[in-house]
Every structure is written in structure tokens, then in C-alpha cells.
Amino acid sequence: EEYGFIDHLNDAKIQAPQTNYVKKTRFTISKKDDKVLFEHPNSSITYPNIGIAKNAKLDFAIGINKPAWEKSGDGVQFTIKISSEDSGIKTIFSQYIDPKNNPKDRRWVRKSLDLKDYENQKITIVFETQAGPKKDISFDWAGWKNPRIIYNHN
């Protein structure tokens with residue numbers, strides 16, 4: 001069982017400089033074509049009222065679309081925040097990648113985050129992208145690969 005953020009994009013509140021900055025799309029980074037939640041900086045996508053069951057994990061990968069690697073720019077800061085009645089707003093993930101200038105970032109950076117602190121609560125999850133240190137948003141073709149909450153019934 002899972003909650004797919006790409007499938008629920010219509011339920012989200014989007015803040016972005018232009019409407020085409022946030023959309024469902026596909027990237028080919030590691031020879032495979034993947035479903036992606038595209039989020040060009042500086043944008044935020046807010047998903048309200050998500051119920052968190054036991055043993056839930058937030059699973060995703062971050063990346064910048066391959067055609068942008070040869071172009072100008074200074075990378076992207078990816079951030080995920082959760083707000084809940086019990087613990088207010090917390091940043092649960094933040095990572096900067098710059099595949100244009102750092103070949104180690106020319107891949108999907110995979111993450112799986114435990115949501116046990118939010119069991120049996122309704123939470124709001126916010127996906128944010130911000131420009132790199134020089135505030136350059138050119139060719140910041142940032143994506144969240146198949147972000148979803150997975151429920152393991154053990």
C-alpha cells in the first residue's frame with residue numbers, strides 16, 4: 001500500500017514563479033525512464049492532510065535532468081518539511097546537488113525516511129526546491145523520482 005505524490009498532484013497547493021515550473025513528467029538519468037515530480041526552483045508543493053500509518057516510510061530520489069548537466073547553473077537545494085499538530089514544522093530532509101559542476105551528482109540520489117514520529121497523525125508534507133548558492137536558477141531541471149509513502153504491514 002502506498003501514497004504516490006505524483007498521482008495526488010491535483011490535491012497539492014503549488015507555489016511557483018510560473019505554472020510550468022511544477023508538473024508530472026519523466027526523466028532519463030540512469031538509462032531508465034522514470035516518473036518524476038518536476039519542481040523548478042524556487043517552488044514549493046504542499047500536500048495537506050496525509051494520514052500516516054504504522055511502519056510508514058517516505059521513499060524518493062532527487063536528481064537534475066540529464067540534458068541540463070552540460071548547461072550553466074549552480075545546482076539545486078531539495079528540502080522536505082513536515083508539519084503536524086504534535087510537532088509543528090520540521091525539516092526532515094535537505095540536500096544540495098550540483099551535477100553540472102560535480103560529476104558525483106550525475107545520478108539519482110535515493111532516500112528512504114522513516115515516518116515513525118508521525119504514526120497515527122495527519123501531516124502536511126512540503127517539497128521545496130531552491131536555487132544553488134549563486135541564486136542561479138538557469139537549467140535547474142529538478143525532479144523528485146517517484147516520491148511516495150510506503151506502508152509496510154509487518
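Given Cβ point charges of +1 (Lys, Arg) and -1 (Asp, Glu) and nothing else, what value in debye, to the nearest 20, does the dipole of the stretch 26-154 about its Cα centre take? Could you put the intermediate results ahead of the total?
Values: 22 positive and 16 negative charges, 102 e Å.
It comes to approximately 480 debye.
In the chain, what percentage of the DSSP-assigned beta bridges are antiparallel, given to the nearest 5? So the antiparallel bridges amount to about 100 percent of the total. Since only Ala53, Ser112, Ile82 are under comparison, the one whose Cα sits farthest along the positive direction of the charge dipole of the chain, derived from C-beta charges on Lys, Arg, Asp and Glu, is Ser112.
Compute the signed sum of charges (Lys and Arg +1, Asp and Glu -1) over the other residues within less than 9 Å, Cβ to Cβ, of Leu58. Present the calculation step by step, with values, prior to reporting the outcome.
Numbers: positive: Lys57, Lys111, Arg148; negative: Asp59, Asp114.
Taking every other residue near Leu58 into account, the sum is +1.
Could you pull out the pairs from Lys23/Lys111; Lys32/Lys90; Lys23/Lys122; Lys54/Lys111 whose alpha carbons sit more than 30 Å apart here?
Beyond 30 Å: Lys32/Lys90.
So I have (1) 40, 20, 15; (2) 31, 23, 14; (3) 26, 16, 14, and one of them is semi-axes √(5λ) of the Cα gyration tensor in Å calculated from this model. Which one is it? Read-out taken from this structure: (3). Our summary gives the chain a relative contact order of 38 percent, counting only alpha carbon pairs under 8 angstrom and 6 or more residues apart.
Comparing Asn42, Asn65, Asn102 in a Gaussian network model of the chain where C-alpha atoms under 10 Å apart are linked, the largest mean-square fluctuation is found at Asn102.
Between the stretch 58-132 and the stretch 17-40, what is the separation of their alpha carbon centroids in Å? After rounding, the separation between the Cα centres reads 14 Å.
Is the shape of the stretch 8-69 best called rounded, prolate or oblate, per the rule: a/c under 1.5 gives rounded, else a/b larger than b/c gives prolate, else oblate, with a ≥ b ≥ c the square roots of the Cα gyration tensor eigenvalues? Oblate, because a/c is 1.5 or more while a/b does not exceed b/c.
Which longest uninterrupted range of the chain lacks any GluC sites (Glu not before Pro) assigned by DSSP to a loop state (not H, G, I, E or B) and surrounded by at most 16 other Cβ atoms within 10 Å?
2-69
Restricting the stretch 20-69 to trypsin sites (Lys or Arg not before Pro) that sit in a DSSP loop and have at most 16 other Cβ atoms within 10 Å of their own Cβ leaves Lys31, Lys32, Lys54.
Each of Thr28, Leu9, Ile150 was scored by the projection of its Cα onto the charge dipole of the chain, and the greatest displacement toward the positive side belongs to Thr28; charges sit on the C-beta of Lys, Arg, Asp and Glu.
Read-outs: derived from the displayed coordinates by stated rules, not from any lab. What you see is a predicted model, and the numbers here were worked out from it, not measured in a lab. Note that we place each Cβ from the backbone using ideal geometry, even for glycine, and neighbour counts take in every protein chain shown.
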